[in-house]
1. Using the Karplus equation 6.51 cos²θ - 1.76 cosθ + 1.60 (θ = phi - 60°), what ³J(HN,Hα) coupling, rounded to whole Hz, does each residue of the stretch 72-77 give in order, writing x for Gly and Pro?
2. Could you please state, rounded to a whole Å, how far the C-alpha centre of the stretch 132-162 is from the C-alpha centre of the stretch 267-339?
3. In whole angstrom, how long is each semi-axis of the equivalent ellipsoid of the stretch 205-280, when you take the square root of 5 times every eigenvalue of its Cα gyration tensor and sort them from largest down?
4. Please work out how much length the chain gains when fully extended from residue 208 to residue 260, using 0.36 nm per residue of separation minus the C-alpha to C-alpha distance, in nm with one decimal.
5. Run the numbers on the stretch 5-97 and let me know its relative contact order in percent, using alpha-carbon pairs under 8 Å that are six or more apart.
6. Under 15 Å Cα to Cα from residue 160, which aspartates and glutamates show up? Leave out anything in the same chain fewer than 8 places away.
7. Obtain the nm distance between the two label points defined at residue 131 and residue 286 by a simple spin-label model: each point lies 7 Å from its Cα along the Cα-to-C-beta direction.
8. Would you please give the FRET efficiency between residue 312 and residue 268, computed as 1/(1 + (r/R0)^6) with r the Cβ-Cβ distance and R0 = 45 Å, to the nearest 0.05?
Amino acid sequence: MPLKPLTAKQTVLNRLRGNYQNLLSSLIPAGRIDNRKEYHHLCPFHADHHLGNASTNIETGRGKCFSCDTGWDIFHLVGKISGLSSFQEQLQKVAELTGGIQCNDSPYRFAKPKNSFSKPIHPSLVDSYASNMTNKQYNYLEQYRTISRMTAKKHKIGFKNQRFTIPIFDQTDRIINIRKWLPPESRKTNASKITQHQDKQIYISLNDSAKHAWANHYYDQLSKDQPGLLGCVTNRAEAQVLRLAMIYCLLDEQYIIDLSHLKAALAFWDYCRQSANYIFHGQAADRVTQKVFEILTTGKKTGRELFAAFSNNISKTRLETSLKELIGSGTVVMETQKTGNRGRPTTIYELHSPLTNKTN
């Protein structure tokens, strides 16, 4: 019986875990291994003629070419060498090279959890919606939907926020969902409210209290650029907060943004920022910059030591660009130390900390 692709992928990775050397040697025979367990080979992603440009780790199966700046995992590498574009084809090829596992299903299909039912809804909530029904709603259901009053009460149809509520029961009479239905007449009314000003140009501004809070408290804080991958996601926060405040203002059918709209937008943005910080904190937007950051987490390094950490396979300009980005963002500080009466001073790089106040 063919294994599902996710199971097959995990089986392949378990077989290769910690030892990709045999597979790499069979794919790219002309290569060598250094003392850092890197398999150096020609890059298959460009016309490479220098053996030191590309390398793949024999323990993780991940590699990179420092000439074309392309990264890969074992599936991507096998796909490029074999001319396979889809992940399923790449997975099938690696599976064949490691034991002949067959995988026919879509690689993006996830198994459904055993208990797919949501948490039951308490009957009191449905009863409260049913108690909101009036003769007007019952008459509407009977006239336009041919649902009698007895049927509506039997199935506990209710009313909330201009919508009819219909509870959904499972086989054991548990309430697992509440569907809401908006009558067509209400839809037309809401649409007319939205479209009645579509031909007008409406100017939306902040009132005095919102302007004062924005200028003196919020703008400077939101306009600060964040470094790394987190900054790529959350920069330009001031523009996003103003747009959110405008949306909250329009939802209130107003044309003046007050302090409550601004605070609501700030609360929403703060939630977005914390979510992005949880996912992307400490990650650089560039792979070389990220690796420099990870190297400096182990302690102070000189420029020569950083160059050696890349197995001497990185250009001076590329390394200096990453260091300038980290220094400019305040993540890394630089210090020069004299080595004696003669000779050039040594430059030392380290991660910035609250106790670090060093300059060139």
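1. Per residue, the Karplus-derived 3J(HN,Hα) values read 7, 10, 5, 6, 5, 5 Hz.
2. So the two Cα centres are separated by 64 Å.
3. Values: eigenvalues 115, 36, 15 Å².
Values for the stretch 205-280, descending: 24, 13, 9 Å.
4. Numbers: separation 52, 0.36 × 52 = 18.72 nm, distance 1.25 nm.
Working it through step by step, the gained length comes to 17.5 nm.
5. Details: 128 pairs, mean separation 21.7, N = 93.
Across the stretch 5-97, relative contact order equals 23 percent.
6. Counting by Cα, and skipping residues close in sequence, residue 160 has these aspartates and glutamates nearby: 127.
7. 6.5
8. On the way: r = 48 Å, r/R0 = 1.07.
Once the sixth-power term is evaluated, E becomes 0.40.
A short reminder: the numbers here are calculations on the coordinates, not readings from a lab. Remember, predicted model here, so these are calculated numbers, not experimental data. Please note: Cβ atoms are built from the backbone with ideal geometry, for glycine as well, and neighbour counts cover all protein chains shown.
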